[in-house]
Amino acid sequence: MKSHLSVILAKKLVGNVRLYPRFPRFHVQKILTRLHYFQDIKCVATLAWHRDSVLSVAFHPTAPLLATGSRDNTAKLWRFSADGSAATCVATLAGHSDHVLSVAFHPTVPLLATGSLDHTAKLWRFSADGSAATCVATLTGHSSDVYSVAFHPTALLLAIGSRDKTAKLWRFSADGLAATCVATLAGHSSSVLSVAFHQTAPLLATGSCDNTAKLWKIGPDGSAATCVATLAGHSDWVNSVAFHPTAPLLTTGSEDNTAKLWRFSAEGSEATCVATLAGHSNCVTSVAFHPTTPLLTTGSEDNTAKLWRFSAEGSEATCVATLAGHSSSVYSVAFHPTAPLLTTGSYDKTVRLWR
């Protein structure tokens, strides 16, 4: 069956290589090899040091470090081997007084952001090996729970989504010691559950309990943001949003048990749903694009994560693997930026690494 599926995928992609005008045939062949590899994905490590549910996971962009946030009010830093088969907790970040719902590494400076039900976000400066981490700033501008944090890919900007129905943009110093709120994004009619910056365009995406996602155009210095599009199509909360690293695609995961792919214009003012991914039997809690291959992963309260292969324009998406192993809801998923690794965080108090 696995061989048969690989043949179908090969024929579809190679036969339609014209759909990939920037992908020569040999690139498509390389993608096919990687896709076959991901169909053989298996759990190589289980990390079980948190005392309660794991709500967020994030890989460091270059170092062999993984961050996790938990209902036990802490975040942890883990150092893992090259193949992901071994991982050791090297630091526990204690400082929040309630659940840590979101964690994010800055792409270039040694800072980790955490968001919590205690209404704050924190910036932590960590050592090169991750074994030491110090809270250098506490961001206290929101009036309710902080659900999501995300760093800008190049600028010293942090986006925060909150139960107070807003997202905020914070500008901070390179050492993280100083942080100032420079913009408040008001437009959602309910909690902002997820925030994500585009890798190259001045766009921010937000997902909300009002069943919509929004695209915001960010000013040059981050001090202004204008809503340019509202994405309506889900019938329940939008739990998670993620931009594709290069293509004009956004994915959303929802309480309605589906994920969607949206294609948007260069300035973000137009966005169209091009595919709905139905396959989970419970709500989709987390979504993430693979950094280099046409793969998307979704985490769900059905206790699984799934891998989906999608076409260049995003209009076709097929589930190519289901990752079963957690004994409870999968709340967070993340691909490693360069290695063939995927991580999942679960209500069962564990983190899994999949290769």
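The values are calculated or read from the model by the stated rules, or taken from the named source; none is laboratory data. Everything quoted here is computed from the prediction, not taken from an experiment. As a convention, Cβ positions derive from the backbone with ideal geometry for all residues, glycine included, and neighbour counts pool all protein chains shown.
Kindly indicate whether L93 is surrounded by 15 or more Cβ atoms within 10 Å (Cβ to Cβ) and farther than 20 Å from W49 by Cα. Explain how you work it out, then say what you get.
On the way: surrounded by 15 or more Cβ atoms within 10 Å (Cβ to Cβ): yes; farther than 20 Å from W49 by Cα: no.
No; evaluated as a whole, the condition is false for this residue.
Total residues in the stretch 237-248 satisfying the condition of being within 18 Å of S148 (Cα to Cα) and either among the β-branched types (V, I, T) or over 15 Å from the mean Cα position of the chain (by Cα) (or both): the figure is 3. Candidates are the residues of the stretch 106-128 that are touching a residue at least 60 places away in the same chain (Cβ under 8 Å) and in a loop (DSSP other than H, G, I, E, B); the one that is farthest from F197 (Cα to Cα) is A128. Scanning the stretch 59-78 for residues that are surrounded by 18 or more Cβ atoms within 10 Å (Cβ to Cβ), over 13 Å from L353 (Cβ atoms) and either not assigned by TED's automatic domain parsing to the domain that holds T343 or not hydroxyl-bearing (S, T, Y) (or both) gives H60, A67, G69, R71, D72, N73, A75, K76, L77.
Hey, which of the strands (runs of 3 or more DSSP E) in the stretch 208-259, taking only ones fully inside, have at least 2 residues that are in contact with a Pro (Cβ under 9 Å, 6 or more places away or on another chain) and on the phi < 0 side of the Ramachandran plot? So that I can check it myself, show each step before the final result.
Details: elements: 212-218, 225-232, 238-243, 249-254.
In the stretch 208-259, the matching strands (runs of 3 or more DSSP E) lie at 212-218.
Within the stretch 79-101, the set of residues being assigned to a strand (DSSP E or B), among the polar types (S, T, N, Q) and either closer than 25 Å to R355 by Cβ or not assigned by TED's automatic domain parsing to the domain that holds A137 (or both) comprises just one member, T88. More than 15 Å from D98 (Cβ to Cβ), over 18 Å from the mean Cα position of the chain (by Cα) and not hydrophobic (A, V, I, L, M, F, W, C), is that true of G161? Answer is no for this residue.
Having 1 or more residues that are more than 17 Å from the chain's Cα centre (by Cα) is the bar; report the strands (runs of 3 or more DSSP E) wholly within the stretch 275-314 that clear it.
On the way: elements: 284-289, 295-300, 304-310.
Per the criteria, 304-310.
The residue that is surrounded by the fewest Cβ atoms within 10 Å (Cβ to Cβ), among those in the stretch 197-236 that are under 18 Å from the mean Cα position of the chain (by Cα) and hydroxyl-bearing (S, T, Y), is T200.
Of the residues making up the stretch 260-274, those that are touching a strand residue (DSSP E or B) at 6+ places or on another chain (Cβ under 8 Å) and either of a type in the set (D, E, K, R) or assigned to a loop (DSSP other than H, G, I, E, B) (or both) are K260, R263, S265, E267, G268, S269, E270. Condition first: without any contact (Cβ under 8 Å) to a residue 40 or more places away in the chain and either assigned to a loop (DSSP other than H, G, I, E, B) or of a type in the set (G, A, S) (or both). Can you find one or more residues in the stretch 319-326 that meet it? Within the stretch 319-326, one or more residues are without any contact (Cβ under 8 Å) to a residue 40 or more places away in the chain and either assigned to a loop (DSSP other than H, G, I, E, B) or of a type in the set (G, A, S) (or both).
When the residues of the stretch 134-181 are narrowed to those that are hydroxyl-bearing (S, T, Y) and crowded, with 18+ Cβ neighbours inside 10 Å, which ends up farthest from G69 (Cα to Cα)? Checked the stretch 134-181; the qualifying residue farthest from G69 (Cα to Cα) is T166.
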